1. Using Cβ counts within 10 Å as a stand-in for footprinting exposure, how do T132, T54, T203 rank, fewest first?
2. Could you give the nm distance between label points at W248 and T47, where each point is 7 Å from its Cα heading toward the beta carbon?
3. If you take the beta carbon distance between E256 and A189 as r and set R0 to 41 Å, what does 1/(1 + (r/R0)^6) give as a FRET efficiency, to the nearest 0.05?
4. Would you calculate the separation in nanometres between label points at R269 and S179, each defined as 7 Å from the Cα along the Cα-to-beta-carbon direction?
Amino acid sequence: MSDRWMVCDGATARATARTTARATARTTARATADWREYHGTMAEEWTQADGSATDRAWLADWRRRIAALYVEVRAMAAADPAAAHAHWRTVRERLYREHPQSPVPVGGRARFRARHFAYDPSLRFDVAVEPTEPDPERRDPAGRAPGAFAIELPNSGPDTLSFARVGRIQIPFAEGPRSLGVFWMAGYAGGLFIPFRDATNGTETYGAGRYLVDAAKSADLGGDPARGTIVVDFNFAFQPSCAFDARWACPLAPPENRLDLPIRAGERRS
């Protein structure tokens, strides 16, 4: 079912969002309590990323919670994008601080506080995805994204991850339009992926860039397939897991997705 069924009058949408946010807070609190009880008695039996059944169960829980958060964000943003952003920040910070599958090292979780630039409504866009002209010599051999061609993106770790470029988007910045490649991730269950770098990297934000869309992990603000559009909001730009701990390997933005201007929106480091 499309998220568009949730678009209603502003008052109803805000009331629904508040109810959803309260339910999410209660569910997260219960999960945190369960984790603390479990951790106090059985923590010695597993460690994060050890591949055990318990590790995988908590990872599945993490992904469910991220997916639920973005469902709420898309619904709230239909009436009030700024309120949706505030909700995203609050829930995401709580997960990063309290969930056992947080990318933040265990020793730093209790004092973790996410930092963000102030919300800027001018950096939210609904843009068309312009299809990439097929290149027969670089066509995706597995057929995971028909009409696209295969590409390997930079990675923070030793492994190489495969992607298929499916198109490009033109962002109408006040400084003039800029283009970003749109990719389809070959691993996991697939998903749209839009990483980017900008002039804040290495000083105000993570040096290797941030993500706008990572749909394989449910970080997706929506779009309209009938119109061929996607929502990109730089206020929701976030740092990859490797920004918090070098043990995580993350795909990074290729040269074509490096913006020549500062994007002071979204998650920051300083």
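Since every read-out is calculated from the coordinates, none of them should be taken as a lab result. Fair warning: this is a prediction, and the values are worked out from it, not measured in the lab. Cβ: placed from backbone, ideal geometry, glycine included. Neighbour counts: every protein chain shown.
1. Exposure proxy ranking, most exposed first: T203, T54, T132.
2. 1.8 nm
3. 0.95
4. Using points 7 Å along Cα→Cβ, the separation is 2.9 nm.
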